[in-house]
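Chemist: My questions all concern the structure below.
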Ligand SMILES: Nc1ncnc2c1ncn2[C@@H]1O[C@H](COP(=O)(O)OP(=O)(O)OP(=O)(O)O)[C@@H](O)[C@H]1O
Ligand SMILES: [Mg+2]
């Protein structure tokens, strides 16, 4: 008997026992679809997070100063600057940051409240800020303690209603500042977003409030791979200055990304576990159906053997039958899994990243289970002497 | 030719509920014979037929089919023997209910590796032979008991075996249908087939040329018989 006959026998059997075929497929469909949906959602989530962090620059290193530590010495802007000039192969730029919480910004009769960032001319490049109109801070602005500022798109909308702003004067905490640039929209121009910002030279900012001092530095490494070396240099310098590790904290974007990835990794593991369980449950379903159906069909196997079926004829039929059922279920599972994943993505506004390897794995596992549990009981029945199979009721 | 030499079939040997289903059977059936094996229920008839048909294996003893010792045959050889040499007719028909009449009759041809065109011809021939050609696309549950038994005969005929084994083929049928089946067996015998008919019914046994009586797994008599010929319905009703 040729492969064609096995197929025709197997298909006949599938056609005539729709319920059994359907139940078998259902187990596979659920298993495969669940794995695909979960893996796609996790994949989409972690790639979204990664993209967000990468948008902020993976070369970024931040130094936060917390207090004075044991030493009464402190690190100066010049100390930090010298680090960049001494290690041009590691650092590409640095900027001190003076953060001034709620300041009032006034233009004519309009007032907004915002946090001000005192930075230097490199800040824009380090933190990926683009200027939409006008220009960024210059060396002269910083060095000459010029009273100039850049405003975010939120302020621009609030104070100037999106009209001409360059060259206008705004009052920050009562002091007049010349608007030299408008930052490109990063978020959605709403209050409290990253577009709600005012930037001025840190030298000017320091004189703006009594508590205004350099609270942090940001550095950009020449390359993402040099971040660790940069951190070592920074920590050495800072330790020399403070004689304690409590006074500062050095964090890198890469490190945070790593932490985030670790977190999403753990989450993935949990969800993959859940997916694995659904695959298992599907597998047990398939197993049950196959076991029941073969028991039910032992008599049929006996009849076939009495008509001259060899063991391999019986096995061929059952194998092809279970392989076809499982593969059909697998394909339907893949299709419905992908459709469901995109459906979920659209519903929850999440990006979706179906993984080919997960699809392949889920498919092969469930198809294998299907074939195995179609094969094993049939193998057992095919070994019986015909009369024993025929006597089964 | 079929030959059994001191064949035993013992269930639970040695235990207190030991059953000697066959207790030293010596039997020789020649090519072209029509033999009836008669005995009470539980006497071992079916066991005997299952061993002759290579569906069961004896506990001890030798069995030859066309002078070949069956115990020496491989699984595949046995399958070929069942496919090409032996044809079975069972009391419970043993049709596969989810397959159509055509597909049921086709099975032994499929396993025998007969090419498709030849299969078509043989299916039609076999079904015409039992008078069911027009039921080819029906399913077993759409047929009467007698018709189902005729399908199972067609299935046995399709692969053109020369030994037909029938275990109570008329057991579930009324007397009229029974006569039709017996006539068919007689015809097949006239064409040169060896027929072994198992029955508990003495009247049915009279259709054979030779009657073997079996009791408690032993042969108690083995006689020639003048086979009863086709009778009309009234005679049959009387006969019972
Ligand atoms: N699988 C089995 N296990 C145990 N005992 C069995 C088995 N098959 C048959 N027997 C016993 O063997 C004996 C012969 O059984 P067999 O089926 O050959 O009888 P039979 O002559 O065909 O009877 P009937 O006319 O009722 O069909 C019986 O006593 C039966 O109980
Ligand atoms: Mg019996």
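Chemist: Could you rank the peptides B:115-122, A:115-122 by their average count of other C-beta atoms within 10 Å per residue, with the highest value first?
Modeler: Going from most to least packed, we get A:115-122, B:115-122.
Chemist: Among B:153, B:220, B:181, which one shows the biggest mean-square fluctuation in a GNM of chain B, springs joining Cα atoms closer than 10 Å?
Modeler: B:220
Chemist: Next up: By how many nm would the segment from residue A:77 to residue A:245 grow when fully extended, if each residue of separation counts as 0.36 nm and the alpha-carbon distance is taken off?
Modeler: 58.6 nm
Chemist: May I pose another question? Quantify how strongly other chains surround peptide B:106-112 by giving the mean number of their Cβ atoms within 10 Å of each of its Cβ atoms.
Modeler: Counting other chains' Cβ atoms within 10 Å and averaging over B:106-112 gives 6.
Chemist: Sticking with this one: Looking at the protein assembly as shown, what % of the alpha carbon pairs are farther apart than 48 Å?
Modeler: The answer is 49 percent, as a whole percent.
Chemist: Given the protein assembly as shown, what percent of its DSSP beta bridges are antiparallel, to the nearest 5?
Modeler: Close to 70 percent.
Chemist: Also, I was wondering about something else. Based on the mean of other beta carbon atoms within 10 Å per residue, what is the order of A:197-203, B:6-12, A:372-378, most packed first?
Modeler: Order by mean packing, descending: A:197-203, A:372-378, B:6-12.
Chemist: Shifting gears a bit: Using mean Cβ contacts within 10 Å as the protection proxy, how do B:14-21, B:125-132 order, highest first?
Modeler: Packing proxy ranking, top to bottom: B:125-132, B:14-21.
Chemist: From zero outward in steps of 5 Å, how is the percent of C-alpha pairs of the range A:220-294 spread across the bins?
Modeler: Computed distribution, short to long bins: 3, 12, 12, 11, 10, 9, 7, 7, 6, 5, 5, 4, 4, 3, 2, 0.
Chemist: Another question, if that's okay. Suppose R0 equals 41 Å. What FRET efficiency, 1/(1 + (r/R0)^6) with r the Cβ-Cβ distance, do residue A:349 and residue A:111 give to the nearest 0.05?
Modeler: 0.75
Chemist: Semi-axes of the range B:1-104's equivalent ellipsoid from the Cα gyration tensor, sqrt of 5 times each eigenvalue, largest first, rounded to whole Å?
Modeler: Taking √(5λ) for each Cα gyration eigenvalue gives 24, 19, 15 Å.
Chemist: Note the per residue figure in Å³ for the convex hull of the C-alpha positions in chain B.
Modeler: 132 Å³
Chemist: Which value at 222 nm does chain B reach when only helices count, each DSSP H run of 4 or more adding -39,500 (n - 2.57), with the total divided by all residues and rounded to the nearest 500 deg cm²/dmol?
Modeler: -10500 deg cm²/dmol
Chemist: In whole Å, what is the distance between the alpha-carbon centres of the range A:195-233 and the range B:145-172?
Modeler: 96 Å
Chemist: How well do other chains shield peptide A:323-329, expressed as the mean number of their Cβ atoms within 10 Å of each residue Cβ?
Modeler: Counting Cβ atoms of other protein chains within 10 Å of each residue's Cβ and averaging gives 0.
Chemist: Arrange the following residues from fewest to most other Cβ atoms within 10 Å of their Cβ: A:186, B:40, A:305.
Modeler: Sorted ascending by nearby Cβ count, the order is B:40, A:186, A:305.
Chemist: Taking a cut-off of 17 Å, what percent of all Cα-Cα pairs in the range A:340-386 are separated by more than that?
Modeler: Pairs farther apart than 17 Å: 60 percent.
Chemist: Using all Cα-Cα distances in the range A:23-146, what percent lands in each 10 angstrom bin from 0 up to the longest?
Modeler: Taking all Cα pairs of the range A:23-146, the binned fractions are 9, 23, 27, 16, 11, 8, 5, 1 percent.
Chemist: Averaged across B:76-88, how many Cβ atoms of other chains sit within 10 Å of each residue's Cβ atom?
Modeler: Mean partner shielding for this stretch: 4.
Chemist: List the pair-distance distribution P(r) of the range B:82-183, using every Cα-Cα distance, as the percent of pairs falling in each 10 Å bin from 0 up to the bin containing the longest distance, rounded to whole percents.
Modeler: Pairs per bin, as whole percents: 17, 53, 28, 2.
Chemist: Hey, what's the Cα Rg ratio for the range B:1-54 versus the globular rule of thumb, 2.2 N^0.38 Å?
Modeler: In units of the 2.2 N^0.38 Å rule of thumb, it is 1.23.
Chemist: Which order results if A:364, B:152 are arranged by neighbouring Cβ count within 10 Å, fewest first?
Modeler: Fewest-to-most Cβ neighbours within 10 Å comes out as A:364, B:152.
Chemist: Rg and Dmax in Å for the range A:310-366, alpha carbons only: what are they?
Modeler: 16.3, 57
Chemist: Let me ask another. Based on a Kirkwood Rh over C-alpha pairs, give the Stokes-Einstein translational diffusion coefficient of the range A:234-393 at 4 °C and viscosity 1.567 mPa s in µm²/s.
Modeler: 64 µm²/s
Chemist: How much length, in nm to one decimal, is gained on full extension between residue A:262 and residue A:372, taken as 0.36 nm per residue of separation minus their Cα-Cα distance?
Modeler: Taking residue A:262 through residue A:372 to full extension adds about 35.9 nm, to one decimal.
Chemist: Moving on. Counting helices only, and only those DSSP H runs with n ≥ 4, report the 222 nm mean residue ellipticity of chain A as the sum of -39,500 (n - 2.57) divided by its residues, in deg cm²/dmol to the nearest 500.
Modeler: Calculated from helices alone, the mean residue ellipticity at 222 nm is -19500 deg cm²/dmol.
Chemist: Considering only B:148, B:92, B:223, give the residue with the highest GNM mean-square fluctuation for chain B, with springs between Cα atoms whenever their separation is below 10 Å.
Modeler: B:223
Laboratory data are not the source of any read-out in this text; all were calculated from the coordinates shown. Keep in mind it's a predicted model, so treat the numbers as computed, not measured. Positions of Cβ are backbone-derived with ideal geometry, glycine not excepted, and every protein chain shown enters the neighbour counts.
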